[in-house]
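S.K.: A single structure is presented below for examination.
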Amino acid sequence: MIISSPSGGGKTSICRRLLTPLRKRRGWRFSISYTTRARRPGERNGREYYFVDEQQFAHLAKDDFFAEQFKVHLYRYGTPRQPLEQVLNKGGVILLDVDVKGAQRLKKVYPQAVTIFILPPSIKALRQRLRQRGTETKAQLRVRYDNAREEMKLFQRFEYAVVNDELSKAVRQVRTIIEAHSCRTENFNAEHLLKQLS
Ligand code: 5GP
């Protein structure tokens, strides 16, 4: 499940809310990316991201460790391949919080992935959210804001779009998309039923 949005769109909060203990037991998980960006207060290595330096990142990229990797804003971000392969082989749901370029690359490599774009209710609201977060300098904010506008122009390339004006409503809509997808016949585990019918 590829969940993309401009910075400040709210995808991190949505992913966090979706991963309740019950769903984790049912095999839902979050894809933890690698990044060269510095850790923000409250973030933990191995929970939000694996924080690595440029050299470590370059090594991993060379070893084909990433399913996709891009420079986003000012830093490098990459999705490790192995957890995706594991879900493909063993089933479950994996949530990926990536930028628009990463989403498009992943969809090419994994066509069975579902792409969801989270939209802020307005450009004004997005600007406010970015500023309120207080984690970026003015220059960093400018980069994120400009990139956000460019990314939003591409939302129609995604299969689904959800407006995040009220967090609990957006979470419900994303959950509904994921659950509907798992009920599609091609994703339905019918082995047990087919055995009884034969
Ligand atoms: P942040 O630094 O605010 O956590 O994330 C910045 C941007 O990088 C967000 O748009 C986020 O979705 C994106 N991002 C996080 N991990 C990855 C990744 O592994 N690959 C790509 N392409 N983008 C990522």
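The values are calculated or read from the model by the stated rules, or taken from the named source; none is laboratory data. The model shown is predicted, which means the values in this text are computed figures rather than measured ones. Counting neighbours? That spans all protein chains shown, and the Cβs are built from the backbone with ideal geometry, glycine included.
S.K.: Quickly run through the range 28-50 and pick out the residues that are out of contact with any Pro (no Cβ under 8 Å at 6 or more places or on another chain), of a type in the set (D, E, K, R) and away from the ligand (no atom under 11 Å from the Cβ).
M.R.: R44, R47
S.K.: If you don't mind, another one. Sort through S5, S31 and tell me the only one that's under 18 Å from V114 (Cβ atoms), buried (at least 16 other Cβ atoms within 10 Å of the Cβ), at pLDDT below 95 and in contact with a helix residue (DSSP H, G or I) (Cβ under 7 Å, 6 or more places away or on another chain).
M.R.: Exactly one of S5, S31 is under 18 Å from V114 (Cβ atoms), buried (at least 16 other Cβ atoms within 10 Å of the Cβ), at pLDDT below 95 and in contact with a helix residue (DSSP H, G or I) (Cβ under 7 Å, 6 or more places away or on another chain), namely S5.
S.K.: Pick from the range 67-79 the residues that are more than 8 Å from the ligand (Cβ to nearest atom) and surrounded by fewer than 19 Cβ atoms within 10 Å (Cβ to Cβ): which of them is modelled with the highest pLDDT?
M.R.: Filtering first and then ranking leaves K71.
S.K.: For the range 154-174, state whether one or more residues are under 21 Å from Y75 (Cα atoms) and of a type in the set (K, R).
M.R.: Looking for residues that are under 21 Å from Y75 (Cα atoms) and of a type in the set (K, R), one finds none in the range 154-174, hence no.
S.K.: Residue check: is R133 under 16 Å from H73 (Cα atoms) and either crowded, with 16+ Cβ neighbours inside 10 Å or out of contact with any strand residue (DSSP E or B) (no Cβ under 8 Å at 6 or more places or on another chain) (or both)?
M.R.: no
S.K.: Go through (1) touching a Ser or Thr at 6+ places or on another chain (Cβ under 6 Å); (2) modelled with pLDDT under 85 for E159 and report which single condition fails.
M.R.: All conditions pass for E159, except number (2).
S.K.: Within the range 42-59, is even one residue in contact with a Ser or Thr (Cβ under 7 Å, 6 or more places away or on another chain), among the hydrophobic types (A, V, I, L, M, F, W, C) and within 25 Å of A170 (Cα to Cα)?
M.R.: No; the residues of the range 42-59 include none that is in contact with a Ser or Thr (Cβ under 7 Å, 6 or more places away or on another chain), among the hydrophobic types (A, V, I, L, M, F, W, C) and within 25 Å of A170 (Cα to Cα).
S.K.: Checking the conditions here, which among V174, V163, V100 is in contact (Cβ under 8 Å) with a residue 40 or more places away in the chain and out of contact with any Pro (no Cβ under 9 Å at 6 or more places or on another chain)?
M.R.: V174
S.K.: When you scan the range 3-20, do you find a residue that is near the ligand (Cβ under 10 Å from one of its atoms) and part of a strand (DSSP E or B), even just one?
M.R.: Yes - at least one qualifying residue is present in the range 3-20.
S.K.: Among the helices (runs of 4 or more DSSP H) contained in the range 81-198, which hold 3 or more residues that are within 19 Å of I14 (Cβ to Cβ) and of a type in the set (S, T, Y)?
M.R.: Fully inside the range 81-198 and qualifying: 167-182.
S.K.: Which condition from (1) surrounded by 13 or more Cβ atoms within 10 Å (Cβ to Cβ); (2) within 30 Å of I123 (Cα to Cα) is the one that F57 breaks?
M.R.: With respect to (1) surrounded by 13 or more Cβ atoms within 10 Å (Cβ to Cβ); (2) within 30 Å of I123 (Cα to Cα), F57 is out only on (2).
S.K.: Of the conditions (1) of a type in the set (V, I, T); (2) surrounded by 13 or more Cβ atoms within 10 Å (Cβ to Cβ); (3) over 23 Å from Y77 (Cβ atoms), V114 clears all except one; give me its number.
M.R.: Result: V114 fails condition (3) only.
S.K.: Within the range 149-175, can you find the residues that are closer than 16 Å to Q104 by Cα and among the small types (G, A, S)?
M.R.: A161
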